[in-house]
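Please read the structure below before turning to the comments.
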Amino acid sequence: MKNQIEKVEFKTSKGAQVIATAELILSKINYADGWNIEVDCCEMGTVKADIKGFPQQSGFYKFFKPKTVNGVEAISAIGKLAMNRENTIKVENIISKLKQNPAWVAKQEKIRKNQEEIAIMEANRDSSGYCRKCGSYCYGDCEAN
């Protein structure tokens with residue numbers, strides 16, 4: 001499978017051109033004892049920003065509280081590139097496009113189903129005397145000492 005890449009262009013408050021790129025990794029190569037094996041996967045890649053005249057920045061994150069950077073209110077960043085609300089929405093839109101990929105939707109559904117099964121399994125173990133403190137069926141003996 002081929003990786004899905006989404007891009008968006010915008011300008012900084014100082015007028016520099018930025019190309020933000022997000023990637024959904026659908027296959028990767030595992031190196032196993034001299035064999036290069038291509039395997040299917042579904043992982044969100046790093047969000048990157050190419051700014052003309054500056055090193056590439058990577059890693060999208062939102063601030064807990066908006067910050068003022070060079071007189072502009074920034075609510076998120078890609079690496080050291082602080083972004084205002086308008087540009088943040090553009091980057092979030094390309095990320096949400098990637099999350100609509102059928103492989104990503106199927107993976108999230110599988111994760112949800114697994115979490116439900118784990119909750120049921122843990123409830124069954126707890127009701128039969130399993131102790132989460134010591135990881136055995138001690139019926140509280142680990143707390144007696």
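If we count every other residue with Cβ under 14 angstrom of K67's Cβ, Lys/Arg +1 and Asp/Glu -1, where does the sum land? Could you put the intermediate results ahead of the total?
Working: positive: K62, K65, K80, R85; negative: E73.
Taking every Cβ under 14 Å from that of K67, the sum is +3.
Among the lysines in the stretch 60-145, how many pairs, 8 or more places apart or on different chains, have alpha carbons under 14 Å apart? Could you put the intermediate results ahead of the total?
Working: K62/K80; K62/K90; K67/K80; K99/K107.
Lysine pairs meeting the criterion: 4.
Report the net charge of residues surrounding K90, where surrounding means a beta-carbon distance below 13 angstrom and charges are Lys +1, Arg +1, Asp -1, Glu -1.
Numbers: positive: K7, K11, R85, K97; negative: E6, E9, E86, E92.
Spelling it out: positives minus negatives among the neighbours equals 0.
Sequence gap at least 6, Cα distance under 8 Å: using those rules, report the relative contact order of the chain to the nearest whole percent.
Relative contact order of the chain: 16 percent.
Say we join alpha carbon atoms closer than 10 Å with springs in a Gaussian network model of the chain; which of I120, I78, I51 then has the biggest fluctuation?
I120
Angle, helix 102-127 long axis vs. longest principal axis of the chain, Cα atoms, 0 to 90°, nearest 10?
Once rounded, one gets 30 degrees.
Could you tell me, in Å, what Rg and Dmax come out for the Cα atoms of the stretch 40-145?
My reading of the Cα-based Rg and Dmax gives 22.6, 67 Å.
Just to confirm a number: summing +1 for Lys and Arg and -1 for Asp and Glu over residues other than Q115 whose beta-carbon lies under 12 angstrom from that of Q115, what do you get?
Here the charged neighbours net out to -1.
Angle between the Cα long axis of helix 85-98 and the longest principal axis of the chain, 0 to 90 degrees, nearest 10?
Value to nearest ten degrees: 50.
Coordinate-derived values only; no laboratory data. Here the structure is a predicted model, which means the values were calculated and not measured. For neighbour counting, all protein chains shown are included, and Cβ atoms are generated from backbone atoms with ideal geometry for every residue, glycine included.
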